[in-house]
Amino acid sequence: MAIRVTLDRMLQERRMTLTELSEAVGVTLANLSILKTGKARAIRFSTLDALCRALDCQPADLLEWTPEHDEMDDDEVPREAAE
């Protein structure tokens with residue numbers, strides 16, 4: 001996916017642990033870990049809002065777009081296989 005979550009960088013800049021953030025925003029440690037490791041497929045605006053409030057940042061500080069290079073999503077079918 002071309003959208004990356006840069007939560008780890010923001011935590012480091014804020015000198016905050018994932019556990020502290022979990023307590024501050026009311027999101028489980030497991031769900032924050034999924035975000036931090038880039039395994040999340042979606043994020044709710046309410047969660048993004050809570051993260052931005054707790055970290056005193058903007059959504060763009062947590063999300064980064066990078067161009068994909070010949071990558072496919074897990075549910076995509078290669079063009080040759082679809083024909």
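Nothing in this text is a laboratory measurement; each read-out follows from the coordinates by a stated rule. Note that the structure is a prediction, hence the values are computed from the model and not measured. Glycine gets a Cβ as well: all are built from the backbone with ideal geometry, and neighbour counts include every protein chain shown.
Compute, for region 3-60, the length of the dipole vector about the Cα centre, with Cβ point charges of +1 (Lys, Arg) and -1 (Asp, Glu) only. Units Debye, rounded to 20.
Computed about the Cα centre, the dipole is about 260 debye.
Full extension from Asp8 to Ala60: what is 0.36 nm times the residue separation minus their Cα-Cα distance, to one decimal in nm?
Here the answer is 17.3 nm.
Long-range amide H contacts for Cys57: which residues qualify at under 5 Å (H placed 1.01 Å from N, peptide plane, sequence gap of 5 or more or a different chain)?
Correct list: empty.
Could you check the simple spin-label distance between Leu29 and Phe45, using points 7 Å along Cα→Cβ, in nm with one decimal?
Here the answer is 3.2 nm between the modelled labels.
Normalized C-alpha radius of gyration of region 3-60, against 2.2 N^0.38 Å?
In units of the 2.2 N^0.38 Å rule of thumb, it is 0.98.
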